[in-house]
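The values are calculated or read from the model by the stated rules, or taken from the named source; none is laboratory data. This structure is a prediction, so every number in the text was calculated from the model and none was measured. With ideal geometry, Cβ positions are generated from the backbone for all residues, glycine too; neighbour counts draw on all protein chains shown.
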Amino acid sequence: MASSFFEHIAHEFERPFQNPVLVFSLVLFIILLSPILLRKLKIPGIIGLIISGVIIGPHGINFLEQNSAVKLFSTIGLLYIMF
């Protein structure tokens with residue numbers, strides 16, 4: 001019984017993440033923490049968001065794939081940068 005639980009958990013954390021709650025949590029975590037951490041390195045917050053997106057995206061570590069949730073966040077991010 002315990003092994004099936006751990007198999008289920010291991011399946012949830014396969015890359016790229018498919019669970020929408022996990023995708024939302026990861027994106028929110030990056031949005032909140034990357035500007036704070038990179039400002040300590042004297043890097044502007046918006047540049048930190050762009051760098052973090054490249055790192056966790058499909059061309060970096062591949063935590064996130066291009067799906068509807070990521071497209072929504074990218075659109076919101078573009079609006080944030082423009083205004």
(request) Taking residue 3 as meeting all but one of (1) modelled with pLDDT of 75 or more; (2) part of a helix (DSSP H, G or I), write down the number of the exception. (result) (1)
(message) Take the residues in region 21-68 that are β-branched (Val, Ile, Thr) and more than 19 Å from residue 81 (Cβ to Cβ); name whichever of them is surrounded by the fewest Cβ atoms within 10 Å (Cβ to Cβ).
(response) 21
